[in-house]
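The values are calculated or read from the model by the stated rules, or taken from the named source; none is laboratory data. This structure is a prediction, so every number in the text was calculated from the model and none was measured. Because the Cβ atoms are built from the backbone with ideal geometry, glycine has one as well, and the counts that use them run over all protein chains shown. Surface accessibility is based on the protein's heavy atoms, side chains included, excluding ligands, DNA and RNA. Shrake-Rupley method; radii C 1.70, N 1.55, O 1.52, S 1.80 Å.
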Amino acid sequence: MRSMRERMLAGEPYLANEPAIIADLDRATQLMERFNTTAANDPLGRLAALRELLGSLGEDTWIRPPFHCDYGWQIHLGPRCFVNFNAVFLDVARITIGADVQIGPNVQLLTPTHPIEPGPRRKKWEAAKPITIGDNAWLGGGAVVLAGVTVGANTVVGAGAVVTRDLPPNVVAVGNPARPVRTLE
């Protein structure tokens with residue numbers, strides 16, 4: 001029988017009360033606290049905390065505190081990315097962010113899903129689906145990207161948009177739910 005952590009990583013329904021999952025959450029909480037409270041004049045200390053927290057961090061990529069996530073090690077950022085204040089990356093499933101991505105303040109990348117049926121939800125079952133953000137995408141302030149979504153390369157997601165399904169490359173998408181309104185050359 002597979003552990004709840006193994007079920008979580010496979011994208012299957014799981015319960016988050018297993019000791020291994022709680023240990024991963026505690027580790028991330030300690031590293032986020034270190035990152036979020038490191039003095040502004042200690043950029044190398046902040047960078048060290050990020051490198052320890054995240055699955056991978058590309059060269060010349062920067063995240064402005066505060067930053068919040070579930071586990072950290074499921075987050076992979078490419079080179080030359082910028083993530084502004086108050087980002088929330090719930091990485092129950094893998095979050096992959098390409099090169100040269102710009103992420104505005106208060107952006108949320110939310111991989112968890114919960115049952116629609118009240119019984120399993122009451123029993124605290126959950127699952128997750130990965131999120132992928134393509135190279136050179138820009139997520140405007142307050143944008144929300146939901147579980148299982150891919151945002152194509154060069155795509156711009158307008159401020160406050162809620163991305164509920166995949167967006168192709170080279171478009172501007174706005175609204176709730178986000179829809180392409182313009183194609184980029």
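Numbers below:
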quantity	calculated
Lone unmet requirement of (1) more than 20 Å from residue 14 (Cα to Cα); (2) out of contact with any strand residue (DSSP E or B) (no Cβ under 7 Å at 6 or more places or on another chain); (3) of a type in the set (Lys, Arg) for residue 123	(1)
Matching residues in region 8-56 - criterion: being crowded, with 17+ Cβ neighbours inside 10 Å and of a type in the set (D, E, K, R)	24, 46
Residue 149 vs. criteria within 17 Å of the chain's Cα centre (by Cα), closer than 29 Å to residue 6 by Cβ and surrounded by 19 or more Cβ atoms within 10 Å (Cβ to Cβ)	yes
When residues of region 152-167 are limited to those that are outside any strand (DSSP E or B) and within 15 Å of residue 183 (Cβ to Cβ), the one most open to solvent (accessible area, probe 1.4 Å)	154
Any chance residue 61 is open to solvent by less than 20 Å² (accessible area, probe 1.4 Å), over 19 Å from residue 127 (Cα atoms) and of a type in the set (Ser, Thr, Tyr)	yes
Residue, farthest from residue 31 (Cα to Cα), within region 54-76, restricted to residues that are among the β-branched types (Val, Ile, Thr) and without any contact (Cβ under 8 Å) to a residue 24 or more places away in the chain	61
Selection within region 64-77 - open to solvent by less than 60 Å² (accessible area, probe 1.4 Å), in contact with a strand residue (DSSP E or B) (Cβ under 6 Å, 6 or more places away or on another chain) and under 21 Å from residue 140 (Cα atoms)	67, 69, 75, 76, 77
